[in-house]
Amino acid sequence: MTVFIVSLFLPNTINFSLPTATSSRTRRPSGPKRTATRVSRIDTTLQTPSLFAQQRALTPPETPTKDTHHEDFFAPPDAQAARPHFPKLSDRHSTTAPSDPHSPAWGSGRSFTQPRSRASSPPPANVLKHNKAFEKANALGRAGIRQPQLDRSESHDRVFSAAEWTVEPADQGNGGLRNAVQAAVRSGHLNDKIWVGTLGMPTDALEQQRKQDIEDRLATEYDSLTVFCKDSDFDGAYTHYCKQILWPVFHYQIPDNPKSKAYEDHSWIYYVKVNQAFADLLVKNWKRGDVIWVHDYHLLLVPSMVRKKLPDAKIGFFLHVAFPSSEVFRCLAVRNELLEGMLGANLIGFQIHEYARHFLQTCSRLLCVEATNDGVQLEDRFVNVVDLAIGIDPVALDMNRADPSVGEWMNTMRERYRGKKLIVARDKLDHVRGVRQKLLAYELFLNKYPEWRDQVVMIQVATSTTEQAELDATVSDIVTRINSCWANLAYQPVVYLKQDISYAQYLALLTVADSLMIASQREGMNLTCHEYLFCQDGKFEGHNKFGSLILSEFTGSASVFGGNELSVNPWDYRQCADAIKTALEMSDAEKISRWNKLYDAVMHHTAEHWFTNFLTQLNATYEEQHKRDTISVPRLSINALGQQYQASGRRLFILDYEGTLASWGSPSSIILTSPQRTIDVLNEVISDERNIVYVMSSRQPEELDRLFKRVPGVGLIAENGCFVKEYGSSSWNEMADPDKMRSWKDSVEGIMKYYQERTPGSRIETRHCSLIFHYKNAEDFESASRQAGDCASHINDACEEQRVRAIPIEGAVAVEPIDWSKATAAEQIYDNMMQGKGTDPQHDAPVDFLMVVGDGRDDECIFRWANELGKSGAVKNVTTVSLGSRNTEAGCTMTQGVTGVLTALQKLARLT
């Protein structure tokens, strides 16, 4: 079994070696000085996403708080002295990637030589003055070669067609994912894998043969399948659609710039093309038994695209960022297409329960499908949804901590900040990470608690920005104000580094810190805090630090720490300031208690655990879904069923009515009659005293009485299990509590009336234990469908504690109790029979033949109940039959519809 790990970027890219004369004249982009890369003890390093930009790099203005003394401390003039060596390409084992999959990685001190992009069809870079992606590309020096003599395309292409090339560790991609794969390989849980992704560089300038050579090399030596896209397609998909549209929306920042519409209009087509390129390559290389695991918001359409070509494929999808509420997600113009793309998977994973719940609510509201706690029920299949938090790789991190340079930096930092309490942070400088809010809270702390001045230092590392200049200027102003108020010759309250630091410095900083402060406004997971907690074990400190963690409640990590961190709302500056004071004054006993619990959570939610657990659940989910697929479910064998029927002594039939024993009729019809053949067949089956027949329906009790008044011996189940009339009885038993019914019906009816007034042509049907909002005959069906989705979502949110649920059905939304169903009614009927509580004592012998037939989604629960009886051996012969072509938990299918069911029953009744 091969696992295809599908991510936008491959772990490796290509670096070209131009002729010496050319290289000597190559102009490198100016920019901030790059620092050393991570110690590569365990695999290859990971950097920021490379982008297809063509502008010259601009040297960012020096911040007003630039302190050469501190910058030299973290990045000494002799950079080589602090720069770890790069691993050989053959040394492809174990190294950690940056903890934050969406933040810039550790500076490598090198820039790749790669072709220029030919992208020109999406909006130009200057459409938005704060174009994030192009600024990032320039800062990384990844805009390609810039030589006057190579401005012509032919010269440019010729140089790269003839240049030597090598495979290098890429500087883009998802660090958490890469660490998880390495951990799974190291532990033996992953033996056969193939990465699928792009090179993260422009490729239009390369000849076809050069592309083929690169593809072959990566496939044979690096277990990678390379997706080649046109430069314009990739640039439009990644730089424009992913970064300008999807990223803000997924982090609750709706693009409100008028020109953002230009990005959406121009770049959706490119997003589709890139996703299709991935899907085509997967379809080409997939073999039965392989697993396809797609990652992150760049490739939301791939699962559905693959599913169309490979209906039987085992597909998983995991979203590594937050998933917003339906109110935010619905702002996307192509919201349905994105949701349907994700629903092509068998299993969809999210970091935390909140994001999974948002996804389920969004599907219910926008697609009008039934969403349960386990997943989404589509017309032809079920898609499971889980939440599974990713973590760090402790083994790899421990090996990196053993590097001697880490210890040297720890000693240097302890000496430099002797007698000071250190609050540290490393964040990407954007609106999501909350650097501005954090600094304002720290300023308030110093103002509110003057006794801590001269005793505490905040070290804020801000990695290369991709945001507007306004944020950069605002943060710099705050830092300037703090330092101008409280700094002196021997003390500086904020050390603000608008640069990255080496990995050894980073680990040393986490180890000597007294507190780590994370103030993200929204984040999938923040693995920096996991690394911090791991580094606080005192292994290389000489004594245990057990530092405090101040963590935003809006990070995914907060949901796995169980409140043992100091949770804060980053918008509440007073709370954050008080949390800083609490962290610094916390007793040693409380620090130890909190740290032990946090450390246990970190060691439980590891990268390896996340990877293996998801694959295990995907395999189990696929097997379960495959069993329910109508292609896999066998057709009912009448001969085999007849043999079981003849060998049994007591038989129980539970049969659905609408669509099973009779074709669908109008629920509002005044005159209700059952077809004569249905009446005759039921009477013929009941004529055998060994047979007990129950008919189940969503109709009300009085309606069923009129329908079956000519079948006096039949048992009835009304309103999907809320009422039961036992065989041979003339009275109904109400299973649900009438008082509870009245309480929730008043609330739900009020909500339904609100949407009915806004949906001309809709109506509300009131039943004893359910309410139905009908919109099939609405004047504007499309608008009515949206209102119905909103209605279902509203009811499920508002009435959850009242134990009711809204279920979208064809042309309607049905609201019924959660605690009562056809399965609960059937279970009580069966228990009464087994305990001798039936109305006819001679019918109370043990049941050894059970047949359940249905055609709707509400019949699945009773199929599940009956199948469990068969598996446990409680009933010797159990047959569950589903009509139609949808996926089902029934053991058999029947394609002849109502006629087939009546014919089968008639044949059984005539057997002796």
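The values are calculated or read from the model by the stated rules, or taken from the named source; none is laboratory data. Note that the structure is a prediction, hence the values are computed from the model and not measured. Cβ sites come from the backbone with ideal geometry, for glycine too, and all protein chains shown count toward neighbours.
Consider segment 761-775 and keep the residues that are touching a residue at least 24 places away in the same chain (Cβ under 8 Å), part of a strand (DSSP E or B) and more than 18 Å from R803 (Cα to Cα). The one that is farthest from the chain's Cα centre (by Cα) is E765.
Hey, any hits in segment 500-510 for a residue that's out of contact with any Ser or Thr (no Cβ under 9 Å at 6 or more places or on another chain) and assigned to a strand (DSSP E or B)? No; the residues of segment 500-510 include none that is out of contact with any Ser or Thr (no Cβ under 9 Å at 6 or more places or on another chain) and assigned to a strand (DSSP E or B). Taking the stated definitions as given, is G897 small (G, A, S) and at pLDDT 90 or above? For G897, the condition - small (G, A, S) and at pLDDT 90 or above - is not met. Scanning segment 733-754 turns up one or more residues that are more than 38 Å from the chain's Cα centre (by Cα), at negative phi, buried (at least 19 other Cβ atoms within 10 Å of the Cβ) and not aromatic (F, W, Y). For segment 587-636, the set of residues classified as over 32 Å from the mean Cα position of the chain (by Cα), surrounded by fewer than 19 Cβ atoms within 10 Å (Cβ to Cβ) and among the aliphatic types (A, V, I, L, M) consists of A589, I592, listed by residue number. When the residues of segment 629-682 are filtered to those that are among the β-branched types (V, I, T) and within 18 Å of D859 (Cβ to Cβ), the one that is modelled with the lowest pLDDT is T630.
Figure legend. Inter-residue proximity from segment 419-441: first residues modelled with pLDDT of 90 or more, second residues surrounded by fewer than 22 Cβ atoms within 10 Å (Cβ to Cβ) and charged (D, E, K, R), beta-carbon distance below 8 Å, spacing 6+ or different chains. Indicated pairs: K421/D514; L422/D514; I423/D514. Comparison of V457, V494, V432 shows that the only residue that is of a type outside the set (S, T, N, Q), surrounded by fewer than 20 Cβ atoms within 10 Å (Cβ to Cβ), more than 17 Å from R574 (Cβ to Cβ) and touching a strand residue (DSSP E or B) at 6+ places or on another chain (Cβ under 7 Å) is V457. Could you go through segment 733-756 and let me know if any residue there is assigned to a loop (DSSP other than H, G, I, E, B), touching a residue at least 24 places away in the same chain (Cβ under 8 Å) and over 28 Å from R786 (Cα atoms). Yes, some residue in segment 733-756 is assigned to a loop (DSSP other than H, G, I, E, B), touching a residue at least 24 places away in the same chain (Cβ under 8 Å) and over 28 Å from R786 (Cα atoms). Does at least one position in segment 722-740 carry a residue that is in contact with a Leu (Cβ under 7 Å, 6 or more places away or on another chain) and more than 14 Å from Q700 (Cα to Cα)? Scanning segment 722-740 turns up no residue that is in contact with a Leu (Cβ under 7 Å, 6 or more places away or on another chain) and more than 14 Å from Q700 (Cα to Cα).
Looking across segment 371-397, the residues that are surrounded by fewer than 22 Cβ atoms within 10 Å (Cβ to Cβ) and without any contact (Cβ under 8 Å) to a residue 60 or more places away in the chain come down to T372, N373, D374, L378, D387. If you go through segment 546-580 and keep only what is touching a strand residue (DSSP E or B) at 6+ places or on another chain (Cβ under 8 Å) and not hydrophobic (A, V, I, L, M, F, W, C), you end up with G547, S548, S552, E553, T555, G556, S557, E565, S567, N569, P570, Q575.
Count of segment 611-664 residues, restricted to those that are over 30 Å from R288 (Cβ atoms) and part of a strand (DSSP E or B), is 8.
Number of residues in segment 157-200 that are buried (at least 24 other Cβ atoms within 10 Å of the Cβ), part of a loop (DSSP other than H, G, I, E, B) and of a type outside the set (S, T, N, Q) equals 5.
Considering only segment 698-717, I want to know if a residue exists there that is closer than 29 Å to R786 by Cα and over 36 Å from the mean Cα position of the chain (by Cα). Yes, the conditions are met somewhere in segment 698-717.
Each residue in segment 401-429 was checked for being touching a Ser or Thr at 6+ places or on another chain (Cβ under 6 Å) and over 18 Å from G547 (Cα atoms), and 2 of them qualify.
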